[in-house]
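Report on the following structure.
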């Protein structure tokens, strides 16, 4: 091998070593990842805020606290339905918030997470009579079915 | 000839049933809705109505007596407010009993001023029976609890052998109906009420389901577990709250991880 050839190879090797040792620079991909995480976190925060609102509403309604006790005297079916709707919205936003959080961590929401949410919300929905509880269960499984097919 | 236009307490439903359970202990007939231990453990049915008018009917059975509590809510109560419980020994399938008060064998009338009237009507007898304050066989008290609520509570012999009166035996179903009126509280109306004048009632006939036996479960036994208390409710809601808060904690922890990265 000629000297020229050898020097060219050495130069290439040096340059490659130099490239490997160079400090990492903020690439476009890395910036996108941070933006994505911030976006997911912001979305999770909003979803969680809604979850807290609907948690309060569901507890108040299903627990038959004032003024729902008065409303129940007028129309018990309406209160049961409202309670079921609040429970479902609570479930939906908790799943969204948790799902986004898990995605930031590099994971995806799994059945165990969803089951946890169903059990937690069922503790509230069970107080809203068969109608409210049934509405919650059907709506929750409807949402899960939709998400299942949407992600296939 | 004219047709009496009936109006209803409660939205018309295809079938309404009252299902008294064996009470233990029985409610006290004192005219107070605040007798919560007595009445609030019993089965009740609500007849909602427009314009903020609601009739809630409590009922239970204790030995040879059957108990009813009418909680009536309206913005404006009439001074002559009265209720009539039309009772029959007919089964729900019997077509001889219809929406007319005349088709029932017995009617028990209760006025807000505490007077009651109890008589068979199947023969349309016009006996000179006075309004009374009740007795051993029919005990009655009425009370105006607040400006919006009145409460009528009464008990009578469930299986009385008097001809034309109720003869409700265990494990059977019977037809009843509740009427509302404002014409029967007048002190000058000394004797029996004019039954034909009742023009407001619960929609349709009501099926009264008598318990299977005196040993059948009472309301206390079939209450939804023992969580059905305020404390149980708060405990379970708190557990649910901790679950939701846990998701929030995971979020906050993830946020600090993002910041570190």
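The values are calculated or read from the model by the stated rules, or taken from the named source; none is laboratory data. What you see is a predicted model; the values in this text were computed from it and never measured. In this analysis, Cβ positions are derived from the backbone assuming ideal geometry, glycine residues included, and neighbour counts consider all displayed protein chains.
Residue A:69 meets all of the listed conditions (1) within 10 Å of chain B (Cβ to nearest Cβ); (2) within 30 Å of residue B:44 (Cβ to Cβ); (3) free of Cβ contacts under 8 Å to residues at least 40 places away in the same chain; (4) surrounded by fewer than 17 Cβ atoms within 10 Å (Cβ to Cβ) but one, namely (1). Counting only strands (runs of 3 or more DSSP E) wholly contained in segment B:95-183, the ones carrying 1 or more residues that are more than 23 Å from residue B:76 (Cβ to Cβ), at pLDDT below 70 and in contact with a strand residue (DSSP E or B) (Cβ under 9 Å, 6 or more places away or on another chain) occupy B:116-120. The residue of segment A:35-52 that is surrounded by the most Cβ atoms within 10 Å (Cβ to Cβ), among those that are at the interface with another protein chain (Cβ under 8 Å from one of its Cβ atoms) and more than 10 Å from the chain's Cα centre (by Cα), is A:51.
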